1. Find how much the distance from R149 to S161 grows on full extension, using 0.36 nm per residue of separation minus their present alpha carbon separation; answer in nm with one decimal.
2. Just reorder L153, L38, L184 by solvent-accessible area, largest first, 1.4 Å probe, all chains present.
3. Got a sec? What order do R189, R143 fall in by accessible area at 1.4 Å, biggest, i.e. largest, first?
4. Could you tell me the accessible area of D190 in Å² (1.4 Å probe, neighbours in place), rounded to the nearest ten?
5. Relative contact order (percent) for the stretch 117-194, with alpha-carbon contacts under 8 angstrom and 6 or more residues of separation?
6. So what does M95 come to for accessible area, using a 1.4 Å probe and Å² rounded to 10?
7. Can you check what the net charge comes to around R88, using other residues whose Cβ is under 12 Å from the Cβ of R88 (Lys, Arg +1; Asp, Glu -1)?
8. Counting Lys and Arg as +1 and Asp and Glu as -1, what is the net charge of the other residues whose Cβ lies under 13 Å from the Cβ of T171?
Amino acid sequence: MRPSVWRLIDDRVALPALRPAPRPVAAPTPGVQLQQHLVAQYAPLQRRLERQLGCADLASECLHEAWLRLGECTLQEVPANPDAYVYRVASNLAMDRIRARKRWQGVSAEGADLEAMADPRPGPAQIAQARSDVAAVDRAMARLPQRHRSVLLALRWHEMSRQEVARRQGTTARRVDTTLRQALAELRRDGAAT
């Protein structure tokens, strides 16, 4: 059996190795191009912004924030003067920061204390102190005689009138007053009443 002619040709001709086709490189977006411009021109932009603002730190912070903002921008094309565009973005950010700072300074200049604007809720120390005070009152109340405790709770906690308490206890309003005075004196002695 003779080998096929095509087979002989196939064996003698070396076919080129198949390589993947190169992927087309996408052009950077206008925002990325502006970021690259900012990086390339950072020192001159920083000096120029520092002269305008009078603060090197603020100039640097605004340029860094501008870099972030430029990455998010959705321009269709790079502006004709990228240097001016980047500088304007950083300058606007600086002005926003200065205005915000002045607003806070205006609050304190008008006499409003910033601590008054703080969270009014109690902190851990106040919560612990309040729990300790409540525990001390509980212990002192437990040591009171039953009649004294019931009169005190009815008048102070349930806000009943002296006549209602006297009727419930089967006594006079004067006796209720005396019992209340004795209960409060006992609590003060224990340090539970203020």
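The values are calculated or read from the model by the stated rules, or taken from the named source; none is laboratory data. The structure displayed is predicted, hence computed values, not measured ones. Glycine gets a Cβ as well: all are built from the backbone with ideal geometry, and neighbour counts include every protein chain shown. Surface areas here come from the heavy atoms of the whole protein model, side chains and all, with no ligands, DNA or RNA. Shrake-Rupley method; radii C 1.70, N 1.55, O 1.52, S 1.80 Å.
1. Net length gain for the segment: 2.7 nm.
2. Working: L153 70, L38 5, L184 35 Å².
Largest accessible area first, the list is L153, L184, L38.
3. So, going from the largest accessible area down, we get R189, R143.
4. 60 Å²
5. After rounding, I find 33 percent.
6. Number for this one is 60 Å².
7. +1
8. My count for the surroundings of T171 gives +4.
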